[in-house]
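The values are calculated or read from the model by the stated rules, or taken from the named source; none is laboratory data. What you see is a predicted model; the values in this text were computed from it and never measured. Ideal geometry is used to build each Cβ from the backbone, glycine not excepted, and the neighbour counts take in all protein chains shown.
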Amino acid sequence: MDSLIIPATEGDFITPEIRFDTSNGVFEISGESFIENTDEFYDPVTDWLDEFLTTSTQNIIFNFKFTYYNSSSSKSILKIMKSLKTYTEKASVEVNWYYPSINEDLRQEGLDYQMMAELPINIYEFEL
């Protein structure tokens, strides 16, 4: 399966960069996710991911590195986490949650996702 690369966009609404690299098994969503219609942006991403997870047994590393996201994006993030949880039944998945040092709330949200998705998540701080 080909990798999925979607560059970040800015404007009235901001979308994150999507970089799902099937050649090395490193998948990352990074930047800001300030989107009015999150389904329009995330549905093709989660559809691609679900197809990959259904057809692959490749071990993956999944990095979430948000600097900000709005509440409507959180539903899509949780959906991705739950898909990753299911995938752990057939392959190794390392999930990393990066949060900016100036935003302790994002650290807590990573811990909340860990609980909701019942998925081990490594939590790392980074400097902006």
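Figures for the structure shown
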| read-out | value |
| --- | --- |
| Subset of region 59-82 that is surrounded by fewer than 15 Cβ atoms within 10 Å (Cβ to Cβ) and polar (S, T, N, Q) - its residue that is nearest to Glu17 (Cα to Cα) | Asn70 |
| Residue match in region 113-128 (condition: among the hydrophobic types (A, V, I, L, M, F, W, C), over 19 Å from Asp2 (Cα atoms) and assigned to a strand (DSSP E or B)) | yes |
| Scope region 58-106; condition touching a strand residue (DSSP E or B) at 6+ places or on another chain (Cβ under 6 Å) and part of a helix (DSSP H, G or I); matching residues | Ser73, Leu84, Tyr87, Leu106 |
| So Lys85, is it over 16 Å from Glu17 (Cα atoms), under 15 Å from the mean Cα position of the chain (by Cα), surrounded by 16 or more Cβ atoms within 10 Å (Cβ to Cβ) and free of Cβ contacts under 8 Å to residues at least 40 places away in the same chain | yes |
| Cross-chain or 6+ apart pairs with Cβ under 7 Å, region 2-30 first and assigned to a strand (DSSP E or B), then of a type in the set (Lys, Arg) and modelled with pLDDT of 95 or more | Ile5/Arg19; Glu28/Arg19; Glu28/Lys65; Ser30/Lys65 |
| Subset of region 88-128 that is closer than 14 Å to Leu53 by Cβ and of a type in the set (D, E, K, R) - its residue that is surrounded by the most Cβ atoms within 10 Å (Cβ to Cβ) | Lys90 |
| Selection count, region 9-20, where residues are surrounded by 15 or more Cβ atoms within 10 Å (Cβ to Cβ) and not β-branched (Val, Ile, Thr) | 5 |
| Given (1) part of a helix (DSSP H, G or I); (2) surrounded by fewer than 15 Cβ atoms within 10 Å (Cβ to Cβ); (3) not charged (D, E, K, R), index of the condition Leu53 fails | (2) |
